[in-house]
Structures are given as structure tokens and as C-alpha cells.
Amino acid sequence: MPSGLLSTDLYQLSMMQAYLREGMTDTAVFEFFVRKLPKARNFLVAAGLEQCLNYLETLAVVPAELEWLRTTKRFDDSVLDYLAGLRFTGDVDAMAEGTVFFPDEPILRVMAPLPVAQLVETRVINILHFQTLIASKAARIRLAAGDRLLVDFGYRRAHGADAGLLAARASFIAGFDGTATVAAGMAFGIPLYGTMAHSFIQAHGSEEEAFLSFARARPDRLVLLLDTYDTERAAMTAVDVARMLAAEGIALHGIRIDSGDLGAHAHAVRAILDAHGLNGVTIFASGGLDETEIARLLAGKAPIDGFGVGTSLTTSSDAPALDCAYKLQEYAGVARRKTSEGKATWPGRKQVFRRCDRGLFATDDLGLVGEPLPGHPLLEPAMQAGRRVGASPPLEAIRDYARGQLAQLPVPLRGLDGSVHYPVQPSPELRRLAAEVDRRIAGAAVVMRPAARWEHFSHDADVGIRGVGPTLEAALEQVALALTAVVTDPAGVGHSQEAAFSCSGAGPDQLLYEWLNAVIFEMAVNRRLFSRFAVVVDGNRLTARAWGEAVDPVRHEPAAEPKGATYTELSVHSEAGQWIAQCVVDV
Amino acid sequence: MDLSRLQEIGGSAWRLPRQGRMRVDGIIYGDRALVAAMDEKVGEQVANVAALPGIVGASYAMPDAHWGYGFPIGGVAAFDPEAGGVISAGGVGFDISCGVRTMLTGLTRPEVQARQAELAERLFRDIPAGMGQRGRLSFSEHDLDAILEGGAAWAVGRGFGLPEDLPLIEEQGRAAGAAPDHVSAKAKTRQRGEMGTLGSGNHYLEVQEVAEVFAAGAASAYGLAVGEVVVTVHCGSRGLGHQVGTDYLGEMVAWAEAHGLELPDRELACAPIRSELGGRYLGAMRAATNCALANRQIIGHFVRGVFAELFPAAHVVLLYDVSHNTCKVEEHPVEGRRAQLFVHRKGATRALGPWDPSLPEPYRPVGQPVLIGGSMGTESYILAGCASGEQRSFSSACHGAGRSMSRHAALRQWRGRTIVDALAERGIVIRSPSMRGVAEEAPAAYKDVRAVVDAAERAGLARKVARLVPFICIKG
């Protein structure tokens, strides 16, 4: 596979250039999740983490890629220099591969400098989407097939070489027993299965000749393909061949049927085999199978011992793509969300807390990391500072874990019709954060317009500070920025440290007085300056978070130190749809 | 200010006649140009203060008055507790007991000039200035309570300075009646790392030369001689005082609202002196005063240390230490009787005339030293309180030049670097952590201090003794 650095969308590099220009390289938190289930689906199975971590771990540009980028003249040196030295040094939290999950639940979280976290979006989605898609499909096939043998036959119809190989892996995780794809045997140690092609029979003078020739060449676990000409006649031939081979010490293990009415043929062939004492010979079916067809066959008591599934598996034909996304949840310590119609996201770093009842999944709570919720948290650290946390588990172990997951699926969810919804509940804390972010977005949306702003007004001895915004909260945030500006330019203040505030006051005026004094206190006691504020007002109560950093006398050159907010010119009011919060600050 | 609203009553004084809710007249000191240049808000604030319960005499504004919050800066008002008089947190201000200390060095300008840059560097290093700086000292909670009780006397007990410093500090270095218990935990927290620091804004430390002497007798009593070097410190009670001001201002506003006290301006929020809240504030304010006195005493000690190291011949002696954001209990004549009054001075310096019993022995014949800080890099004055001051303003005088331009406007007009360079050309070294801070304190953003002290002298508030010019300025 190529290094992968250019396995990205153009817009990632365009944004990178803008981010670098603005110095927006703080930590960004992105999460990968599925927005909603495809029709007829009840659950999904996470897969692809291993390849995703591989990609991140080895992320680097190769000289030829860099050179080519330079020749495109699309990007300035800042981007090229950044790419030249780029490595993934971030953290990753993820659900273990094989975990059953539901819509809105993140299965992977990337925490890295914004330009990098953004750059990897394309390939991370590409990897996680495909294997999760296939594992989820394979799990349904497994549920339909019960404990019968399941083999992946899908490489040839897969959408590309990578897809064929990874489909073998994903389906194995979700419960397939093996694959026909040899490369997957080499790459992942997945057990290989295979019989013969119709062409092999066609190439020989007769079916009998072909069967014998094959058996002598490949005597171990011999499976004969019956449906090249006439399935039932071929079954009789197989009976004869079995008798001849028995004399040579070769046992007939099974037969395969690949066309026609598989159920009817299976019944007929079984009767022939059994009539000749070949009760132990297994029947393996393939050809246009999917979970619905397998379920139908088994409902009709078709005596089939194993299934080969190809096209429907590797193309997930009933649902060829998942509505998945990799979205920004936090930047520079500030929770973010998308509120687009039908595509809204939950903000912040989230955790899935799963509760079980009598050995079955009962309910999931979608909360914030560290929130004290009951249930088992599903996301765990997978990578720290660009390095894996622990060794990757063997594929067999992942498969065992996935089997355990499917065993815990509530019974209604094991059906194929998608009529059942598993309960996933956003926690109150998550809802609160979402509301806070919404309010902030409402305020910030106006930053672009001249509406939300701060300013200083003249006062003989001291400084008047004023915040203006579309909401009371926005005005209170802005006036606090004006307070920072008494000391230094807020644009030069970082936001690596967070502080929380809460205060109350009878009425907006008193609230403003208490709010500013709370900020002044924090500035004074911890020698801090703040560049961002998020205020929530609930009646007489104000809660807020602020982001800033310690005063650096050299960099900030702090001018006058605010001593306290005063009641002089103190006013909080709205006029013409705008809130204004102001007062004189003693310096 | 629109002079047509005022009656000129002679002696550089202007009366704002009692009207509306005013209980007494307003009186503004200053010559025509100074008063005309004052913001209209000064007159408004003088009138507002005149409306407070229990005010006696008049609501005064000193010649350096400018628009403050509640009280004008440069405002003086006395309240009679027996007549329902009030105490106002806004009337004292956030920087409780902010004040000036001047020390004699016994050195002449040429002696010090040789090591000017080195001295500036050492002072800048040893006396932390500006926001975000921590002092070198840390004290336990227990120590802090002792500081709040003991003021400069506590500092001397801990080896900061000398016992002979104490008589040369207002109230002998300790405000009686301090109640550390009434200082909030937040205020005490805010003092962490603040002792021995200068602060920011208009606070400074200057090394100055006595450039001119106006009254030889008083100058001699104060130990001032032309050509000699003095050190002046301007700073206050730091974070603790600011938080005490914040805490009680909020509480008094709530109290006023709860008790239906109608105030022309919420910033004037106050409580009766004879009330639980008034009593608590007094105790807390005096504790903050002691904090300021201890802080200046500690800084004075650091200054001595630097001089002792660089100039073995130096003999650093305290001239005086006086605050200008205070409320003190003093006896003054009111309508023919002497009464115990609570005198608020917000940006005004107490200026006791000769023979006041609270003055240190050597100053009694000449009156209390009144230390007037000029704007950065211009000039400062030492005045002496005079007998007429008691009648004129409850023995109060101006405290500095007073701003004529807001910081906001100053920032638009000057760049810090330009100012530093211009002052350097005049032989003045500025050390500051913030060029923006320097621009906000641009000399031209202040009134002409000369006009202010001349007006104070003409008004009979105090008389000029000496003029000081700086050659090193450490700016917060």
C-alpha cells in the first residue's frame, strides 16, 4: 500500500494551509460514528481499527509525493514544510474490533493537532467504514447461518484488491470460518477453504474423470462440485467415485452445489448420499447467497452444512455504504458540534456506557468521557502520543470477542428485518454541553457580523469595558474579553488552561458585577489571562468556562491590572435586538 | 466643567450650591483653567456625594479631581456618625490605603548618576512590578492575620525596616481597629504572593533629585536639600485591598437596595457607620490599610537593601508615608463644635497643619509632609499641611496630577517605546514590563502637576516645600 499521506481529499490540504496561516494547530478531537443504521439493520460491528492504527503509526510523506505536490504549485511552503516533518503524534481512543455498536456511538476518537487530525479524515473513514460495513454484514450472515460453516468467496466481486483482502478479515472477525482468498491466509492467517471450479470439470472428458483426477491430486478434505451439468446425476457419480477412492484410501469429505434451487438440490443430493451410506459427506452451498436466502433455506430445512458467500458479503449488497462520519467534537479545549439539518452531532469527547441485563445488552448511555455513569465504558485508549497502547490482539481473539458480543445481542435484534431499535440515550451532561455549545454558536455566528464584539469606552481614571452580542450570554462573554483587553491584546493570549466559574446575582446588573469580579479574582490569584469564554445564564445563576494561560510578562506585556468591576456606568440591557453589558473597571 | 453652574468664592475655590437632594454645598478647589477642564461628571459626583446621609461641611473636590466611580477621584467628604453618617466602600475605593512613601538617601545626584542603569536594573529586579508578578515573600494565613493587625509595625518586627521608621508613617504605621476576621477568605487568597510588589497602573517607584526648594524651613525639617536624591514609592494594598473593596461594594449595594436607600449612583453604596455592615467594613478596611502599610514598609526595606549594596555611603531614612484612599476617624470643627468625623479621602491626601498632636516631633512646627506624585517622568512635589486646611477641606490636599485623558485615549495617541526614548533623552531611565502600560501612563495624559499644586497652595490646602524630578522610574 502507498504511504497513504496523499490518500486524502484535496480539501484537507487546502484547510491545512489555512490552519497553518492562522496558527490553528491546537488539539482537535474528531470522532468516527455512524449517523443512522441502514434499512433492515439493527446493529453494527466495529472493525478496521488495526489497519487504522497502522496507517496513523506510519503516516509520513515520501519525497516523491512532496515533490509532486510542489510541482502542482497549489500549496505554499508552509504546507510543504509541515508535511515534510509530519508524523502522527496524537492519541486515539477506540472501541475494540468486534464490538457491537449503534448509531451516534463513536467507535474511534482522534486527538491530534488540528491540521493532522483533519488530514487523516479521508483515510480513517475509508478504512473504518469498509471493514465495519463488511463485519456488520457478515455478522448478520453468521446469525442467519447458525453454527454452519461460512466461507468468504467474495474477492472477485470486491471493489478492488484492498477491499477483497480486507473483506476476508472483516468477515472472519464477525464469525466467518475462513476465506477462499489466499492472500488473506498469508496476510492475516485466516483459514483457507476451496473446492474446484466448473472449468475444471469442463476441461475433463467426464465428471467422473475430473472428480478422480482432482481427488488424486488433492486427496485431503475432498469436496466435489456437483452442478456443472446435472446436479443429481453428478451426485450419483460422486457416490461411485467415493466408492472407488475409498479403495485408494481417499475419503469424500463433501460436495458443493453452486446453482439452481439450492434447497431442492440439497434435499435430493442428501437423499442420494444417504441412500448410499454417505451420511457423513457434507453439503456445501454457494451461489448468490446472502443472509436472507440462507435464512430461507434453513427455514425450509435444507440439509446444507456450510455456505460460501461472496458478492453480497464483499459489496454489502443490501446496504453498500454506511452513513458514517468523522466529525470535529472539540477544538482547543472548546466543545464543538455540527447543527446541520439531519446531520447534527453530539459535542465533546464521548464515551459509551453499556449496561447489560441477564447477559444481554440492555441499554447504552452516550455520555462524556469521565462522566460517572453506570455501565461498561466501551472506548479505550488505543494510541498515545502516536504509539500504540499494547500489542494488537490476535485475529482469533478478536473473533472470539465478536462471537461473545453477538451472543449478548438481545433476541429481537438478531432478526434480519430491522424493526427493533436498541436504546441509546444521551446523558444529561451531554445534553447540557450540547445546549451550551448551541448557545455559543448562536453567539459566535454573529462574530462574523459586527454584532458580537467588545470595546473600551473612556473614563478619566480607569477603563470602561463593554460587550455586545445577540444574547445576554454573548454580551457577558464579550465584556469579559474586553476585561482581558485592559491588560493585553486577547489575540495574543493562548487557551491551554481552563477555568470554571459560577456566580449568582439578583438581576443582570448584579450578575455582571459578580461575573467580572469572579474573572478578576481568577486572573489575580492564578496570574492568568483568558482569551475565550463560554457563558451560560440560568435565571440568577451564571456558569461559565474560560480558556486562557498564565501571564507571560515578556509576551503579554501586561498593562494595567484590573482591581475590580465597579457600578459606575454599569448596565446590562438589550436594545434593537442586541445585548449590551458594560461597566467601568478600576485599574 | 460648565463654570456657570458654580460660584467663584475666592481663593481658587468654587461653590456648587446645595440643590435637589444635596444636603450640603459642593466645593471644588482649583483655578479657572483646572476647573473648566474637569469633566462634567466631577460636578455630578460632587453633588451626588453631597446627598449622602450624615455628610457635614461640604462635599469637596481637590484641584486634581477627575471622574471617578461614585466619589470623584480627589473627593473628600466627612460624615458624622451621630447624624446618621455613612461609610462608603466606593468612597474609599478598591485600592484601599494606596499611598506614597518618600525616603531620603543622603546621596547627591552625581553620586547616584554614575550607577544609574545598574540601580534601575537592581530596583526593577528586586521590587516586582506589573501584573502577573509574584513577590519573593510568602506568608502563612496566621502571618497574614498578623500583618492585617499590625501593618508596618508588624513588618518592622519581622526585620523589614527599622523601628525609627514607624513614627514617620501615618498612624505610626498601624491602623487601629483592624478586624482581619471581616476580611474574606477570597481577599486573603488574593494576597498570596503580593507582599512586596508594586502592582501596575499608575503605581511606580522613582529615584528623584530634589530640584527646587520653596520653603527652606520646612525643607530643612523634612531633611530635603537641593541636589540630593530621594526615592519615592507609590502603591497600595494590592490584591487584598482590591478584593475587600469588591466584596463590600457588592454587599453595600445589596444593603442599600434592601433598605430602600435611594442613591443617585449605586457606586455610592454605603452603610451607616453605626451599623453591623458599617462596622464590619471599617474593620476590614483598616485591615487592608495595614496590609498597604506593611507592603510599603517591605518595599522600603528592599530599596534600602539595593542602596546599601550599590552605595555603601547611602543612609536611607524615611521622610514620610501617607495614604490617599482612606476613611479615617478625625476630630474637626463642625458648626462651632469639635466632632469625631469619618473623613473619606478618595484620591486625596491628608494634610495636617502645624502642631497637630498626631504629627511626629520634628514635623510639628511645619505641618505634615504631603507627598504628591506627578505623572511618570515629570515632577513630584512635597507640600506641607497648613493650618487653614482644616477649615478648607478637613485637612486634605490633592494627591497627584490627576488624569486629563483616559487610558483609552492615551493608547491611541502614544506608543510606549517612543515615550521611553523621549524620556531617555532627558536622562530618565524607565523600566517597565509593559510598553503599553507606559503609553497609558504617558505624561501628557495627566494634568500639569505644577498647576495642581499651585492651586492647592493658593486654596490654602497645603504649601509647597520642594520639587522633585525623577531620573529612574520603575513602572508597574
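The values are calculated or read from the model by the stated rules, or taken from the named source; none is laboratory data. Just so you know, these numbers come straight off a predicted model, no measurement behind them. Virtual Cβ from ideal backbone geometry, glycine too; neighbours counted across all protein chains shown.
The numbered conditions (1) away from every other protein chain (no Cβ under 14 Å); (2) closer than 28 Å to B:Met285 by Cα are all true for B:Gly402 except (1).
The single residue among A:Gly548, A:Gly564, A:Gly539 that is under 12 Å from A:Leu472 (Cα atoms) and either modelled with pLDDT under 95 or among the acidic types (Asp, Glu) (or both) turns out to be A:Gly539. In the condition set (1) in a helix (DSSP H, G or I); (2) within 13 Å of chain B (Cβ to nearest Cβ); (3) out of contact with any helix residue (DSSP H, G or I) (no Cβ under 6 Å at 6 or more places or on another chain), A:Ala491 is compliant with all but (2). Please enumerate the residues belonging to segment B:165-190 that are part of a helix (DSSP H, G or I), at negative phi and touching a residue at least 60 places away in the same chain (Cβ under 8 Å). Hits for segment B:165-190 are B:Asp165, B:Pro167, B:Leu168, B:Glu170, B:Pro180, B:Asp181, B:His182, B:Lys186, B:Ala187. Selection of first residues in segment B:292-312 that are over 16 Å from B:Ala153 (Cα atoms) and crowded, with 23+ Cβ neighbours inside 10 Å and of second residues that are polar (S, T, N, Q) and at pLDDT 95 or above, restricted to Cβ pairs under 8 Å at least 6 apart or on distinct chains, gives the following pairs, ordered by first then second residue: B:Phe307/B:Thr105. Of the helices (runs of 4 or more DSSP H) entirely within segment A:175-272, those holding at least 1 residues that are within 30 Å of A:Leu44 (Cα to Cα) and within 42 Å of the chain's Cα centre (by Cα) occupy A:182-188. Condition first: touching an Asp or Glu at 6+ places or on another chain (Cβ under 9 Å) and within 14 Å of another protein chain (Cβ to nearest Cβ). Can you find one or more residues in segment B:376-383 that meet it? Within segment B:376-383, one or more residues are touching an Asp or Glu at 6+ places or on another chain (Cβ under 9 Å) and within 14 Å of another protein chain (Cβ to nearest Cβ).
Does at least one position in segment A:495-513 carry a residue that is touching a residue at least 24 places away in the same chain (Cβ under 8 Å), more than 10 Å from chain B (Cβ to nearest Cβ) and in contact with a Cys (Cβ under 8 Å, 6 or more places away or on another chain)? Yes. The condition (being part of a strand (DSSP E or B), within 11 Å of chain A (Cβ to nearest Cβ) and modelled with pLDDT under 95) is satisfied by just one residue among B:Gly74, B:Gly68: B:Gly68. Residues in segment A:56-76 that are within 30 Å of A:Ala391 (Cβ to Cβ), out of contact with any helix residue (DSSP H, G or I) (no Cβ under 6 Å at 6 or more places or on another chain) and of a type outside the set (Asp, Glu): A:Leu56, A:Thr58, A:Leu59, A:Ala60, A:Val62.
Among the residues of segment A:466-477, those identified as outside any helix (DSSP H, G or I), more than 14 Å from chain B (Cβ to nearest Cβ) and within 30 Å of B:Arg403 (Cα to Cα) are A:Gly467, A:Val468.
Across segment B:435-476, the number of residues qualifying as more than 14 Å from chain A (Cβ to nearest Cβ) and of a type in the set (D, E, K, R) comes to 8. Selection within segment B:252-281: residues that are within 13 Å of chain A (Cβ to nearest Cβ), assigned to a helix (DSSP H, G or I) and under 23 Å from the mean Cα position of the chain (by Cα). The member of this set that is nearest to B:Val86 (Cα to Cα) is B:Leu268. Being buried (at least 22 other Cβ atoms within 10 Å of the Cβ), under 24 Å from the mean Cα position of the chain (by Cα), in contact (Cβ under 8 Å) with a residue 60 or more places away in the chain and part of a helix (DSSP H, G or I) is a property that holds for B:Gly91. Applying the criterion of at least 2 residues that are closer than 19 Å to A:Gln510 by Cα, within 14 Å of another protein chain (Cβ to nearest Cβ) and over 45 Å from the mean Cα position of the chain (by Cα) to the strands (runs of 3 or more DSSP E) found wholly in segment A:525-587 leaves A:578-586.
Entry remark, segment A:202-224: residues being farther than 16 Å from A:Leu278 by Cβ and touching a Phe, Trp or Tyr at 6+ places or on another chain (Cβ under 8 Å) number 3 in total.
Among the conditions (1) in contact with a strand residue (DSSP E or B) (Cβ under 6 Å, 6 or more places away or on another chain); (2) within 14 Å of chain A (Cβ to nearest Cβ); (3) surrounded by fewer than 24 Cβ atoms within 10 Å (Cβ to Cβ), B:Ala37 misses just one, which is (1). Scanning segment A:239-267 for residues that are among the basic types (Lys, Arg) and at pLDDT 95 or above returns a single hit, A:Arg256.
Here A:Val463 qualifies as in contact with a Lys or Arg (Cβ under 6 Å, 6 or more places away or on another chain), surrounded by 24 or more Cβ atoms within 10 Å (Cβ to Cβ), on the phi < 0 side of the Ramachandran plot and within 14 Å of chain B (Cβ to nearest Cβ).
The single residue among B:Gly227, B:Gly161, B:Gly236 that is more than 27 Å from A:Tyr567 (Cβ to Cβ) and touching a Ser or Thr at 6+ places or on another chain (Cβ under 7 Å) turns out to be B:Gly227. In the condition set (1) at pLDDT 85 or above; (2) under 30 Å from A:Asp489 (Cβ atoms); (3) surrounded by fewer than 16 Cβ atoms within 10 Å (Cβ to Cβ), A:Leu433 is compliant with all but (3). When restricted to residues that are more than 16 Å from B:Leu168 (Cβ to Cβ) and in contact with an Asp or Glu (Cβ under 8 Å, 6 or more places away or on another chain), segment B:352-372 contains 1. Can A:Asp438 be described as over 39 Å from the mean Cα position of the chain (by Cα) and either among the charged types (D, E, K, R) or assigned to a loop (DSSP other than H, G, I, E, B) (or both)? It is false that A:Asp438 is over 39 Å from the mean Cα position of the chain (by Cα) and either among the charged types (D, E, K, R) or assigned to a loop (DSSP other than H, G, I, E, B) (or both).
Are any of the residues in segment B:96-117 in a helix (DSSP H, G or I) and within 14 Å of chain A (Cβ to nearest Cβ)? No - not one qualifying residue is present in segment B:96-117. When segment B:386-409 is filtered for residues that are of a type outside the set (S, T, N, Q) and surrounded by fewer than 21 Cβ atoms within 10 Å (Cβ to Cβ), the ones remaining, listed by number, are B:Ala387, B:Glu390, B:Met405, B:His408, B:Ala409.
Within segment B:134-148, being touching a residue at least 24 places away in the same chain (Cβ under 8 Å) and out of contact with any Pro (no Cβ under 6 Å at 6 or more places or on another chain) holds for B:Arg134, B:Arg136, B:Leu137, B:Ser138, B:Phe139, B:Glu141, B:Leu144, B:Ile147.
Please indicate, with yes or no, whether at least one residue in segment B:229-250 is more than 20 Å from B:Gly132 (Cα to Cα), within 14 Å of chain A (Cβ to nearest Cβ) and charged (D, E, K, R). The answer is yes; a qualifying residue exists.
Within segment B:196-207, the residues that satisfy the criterion of being within 14 Å of another protein chain (Cβ to nearest Cβ) and in a loop (DSSP other than H, G, I, E, B) are B:Thr197, B:Leu198, B:Gly199, B:Ser200, B:Gly201, B:Asn202, B:His203.
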